[in-house]
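Notes for the one structure printed next.
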Amino acid sequence: MAPSLLAANFLELGNEVEMVNRSEADWFHLDVMDGRFVPNISYGMPIIAQIKKKANKPCDVHLMIEEPEKYAADFKKAGADSLTVHLEACVHLHRNIQQIKGLGMRAGVALNPHTPVMLLENVIRDLDVVLIMSVNPGFGGQTFIEQTYHKIQQLRQLITESNAHALIEVDGGVGPENAARLVKAGANVLVAGSAVFSSPDPEKTIRLLKTSAQ
Ligand code: DX5
Ligand code: ZN
């Protein structure tokens with residue numbers, strides 16, 4: 001379970017990080033948006049570097065940016081443990097994956113809702129993470145796209161048939177109401193922003209999401 005800090009209270013960022021540290025969450029999910037690949041701008045390396053100083057769990061950085069290869073080394077320096085690029089933003093996806101691994105990070109590829117899983121066929125064995133977007137990237141708080149369950153099943157099948165080890169991460173509109181079904185379809189890591197940070201008891205919601213994932 002990976003809380004997305006996009007929905008955190010940035011005036012209380014230190015406390016939010018400590019809450020995630022105390023919780024049963026596995027990773028910090030950090031969303032970077034450039035206003036080009038997606039129609040929104042979030043935060044970048046300086047904020048990630050601050051979070052990293054306090055975080056006691058791996059930082060999972062989700063790049064929703066064009067030309068991610070230009071910044072991979074900077075995100076490593078800022079503290080990214082895993083770096084996920086969007087397939088739709090990469091002309092030379094294989095090269096980008098090798099670059100991320102060469103820098104010593106776990107390599108992830110994210111797929112927009114319309115992007116078929118089969119496009120990963122020739123790189124799946126190189127990947128540590130596949131991030132299935134269950135909303136169109138760019139904003140928190142959107143409605144979960146139901147087709148995602150089927151897509152996770154297709155990806156699970158591709159991973160098994162290819163003898164690959166990639167984790168399946170699902171991001172967008174995830175909450176206690178769909179967590180168990182996502183895990184049943186084959187998801188390993190659930191990302192949740194608003195479900196966690198808008199809840200009256202975020203730590204409890206993280207625990208709930210975690211237990212539905214078991
Ligand atoms: C959306 C981001 C998500 C976002 C999820 O583009 O990639 O990580 O924070 O937010 P919720 O859980 O509110 O849909
Ligand atoms: Zn994300």
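Mind checking whether some residue in segment 166-181 is aliphatic (A, V, I, L, M), in contact with an Asp or Glu (Cβ under 9 Å, 6 or more places away or on another chain) and either over 24 Å from Ala72 (Cα atoms) or not in a helix (DSSP H, G or I) (or both)?
Going residue by residue through segment 166-181, those that are aliphatic (A, V, I, L, M) are 166-168, 170, 174, 179-180.
Then keep just the ones that are in contact with an Asp or Glu (Cβ under 9 Å, 6 or more places away or on another chain); that gives 166-167.
Keeping just the survivors that are either over 24 Å from Ala72 (Cα atoms) or not in a helix (DSSP H, G or I) (or both) gives 166-167.
The answer is yes, given that some residue of segment 166-181 is aliphatic (A, V, I, L, M), in contact with an Asp or Glu (Cβ under 9 Å, 6 or more places away or on another chain) and either over 24 Å from Ala72 (Cα atoms) or not in a helix (DSSP H, G or I) (or both).
Residue-wise test of (1) among the aliphatic types (A, V, I, L, M); (2) modelled with pLDDT under 95; (3) surrounded by 16 or more Cβ atoms within 10 Å (Cβ to Cβ).
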residue	(1), (2), (3)
Ala89	yes, no, yes
Met105	yes, no, yes
Gly108	no, no, yes
Ser134	no, no, yes
Gly141	no, no, no
Ala164	yes, no, yes
Leu167	yes, no, yes
Gly173	no, no, yes
Leu190	yes, no, yes
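Does Lys76 fit the bill of being in contact (Cβ under 8 Å) with a residue 24 or more places away in the chain and either in a loop (DSSP other than H, G, I, E, B) or crowded, with 20+ Cβ neighbours inside 10 Å (or both)? Break it down stepwise before answering.
Numbers: in contact (Cβ under 8 Å) with a residue 24 or more places away in the chain: yes; either in a loop (DSSP other than H, G, I, E, B) or crowded, with 20+ Cβ neighbours inside 10 Å (or both): no.
So Lys76 fails the test.
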Quick one: in segment 182-214, of everything that is in a helix (DSSP H, G or I) and without any contact (Cβ under 8 Å) to a residue 24 or more places away in the chain, which residue is farthest from Asn9 (Cα to Cα)?
Lys184
List the residue pairs whose Cβ atoms are under 6 Å apart, where the first residue sits in segment 44-57 and is on the phi < 0 side of the Ramachandran plot, the second is assigned to a loop (DSSP other than H, G, I, E, B), and the two are 6 or more positions apart or on different chains.
Ile48/Gly79; Ala49/Gly79; Lys52/Gly79; Lys57/Trp27
Being over 17 Å from the mean Cα position of the chain (by Cα) and hydrophobic (A, V, I, L, M, F, W, C): is that true of Val85 here?
no
Only residues that are outside any strand (DSSP E or B) and either more than 8 Å from ligand 1 (Cβ to nearest atom) or polar (S, T, N, Q) (or both): list them for segment 129-143, please.
Ser134, Asn136, Gln142, Thr143
Please verify whether Asp74 is among the acidic types (Asp, Glu), away from ligand 2 (no atom under 16 Å from the Cβ) and either within 30 Å of Asn9 (Cβ to Cβ) or within 16 Å of the chain's Cα centre (by Cα) (or both), treating the condition exactly as stated.
yes
Is it fair to say Leu158 is of a type in the set (A, V, I, L, M) and in a helix (DSSP H, G or I)?
yes
What do you reckon, is Ser23 among the hydroxyl-bearing types (Ser, Thr, Tyr), under 18 Å from Leu209 (Cα atoms) and either touching a Ser or Thr at 6+ places or on another chain (Cβ under 8 Å) or buried (at least 16 other Cβ atoms within 10 Å of the Cβ) (or both)?
yes
Answer yes or no as to whether Val17 is without any contact (Cβ under 8 Å) to a residue 60 or more places away in the chain, out of contact with any strand residue (DSSP E or B) (no Cβ under 7 Å at 6 or more places or on another chain) and not in a loop (DSSP other than H, G, I, E, B).
yes
Members of segment 110-127 found to be surrounded by 19 or more Cβ atoms within 10 Å (Cβ to Cβ) and within 16 Å of ligand 2 (Cβ to nearest atom), listed by number:
Ala110, Leu111
What's the number of the condition Thr148 fails, among (1) surrounded by fewer than 22 Cβ atoms within 10 Å (Cβ to Cβ); (2) farther than 18 Å from Phe28 by Cα; (3) without any contact (Cβ under 8 Å) to a residue 40 or more places away in the chain; (4) within 16 Å of ligand 2 (Cβ to nearest atom)?
(1)
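The values are calculated or read from the model by the stated rules, or taken from the named source; none is laboratory data. As the structure is a computational prediction, the values presented were derived from the model and not from experiment. All Cβ positions, even for glycine, are placed from backbone atoms using ideal geometry, and neighbour counts span all protein chains on display.
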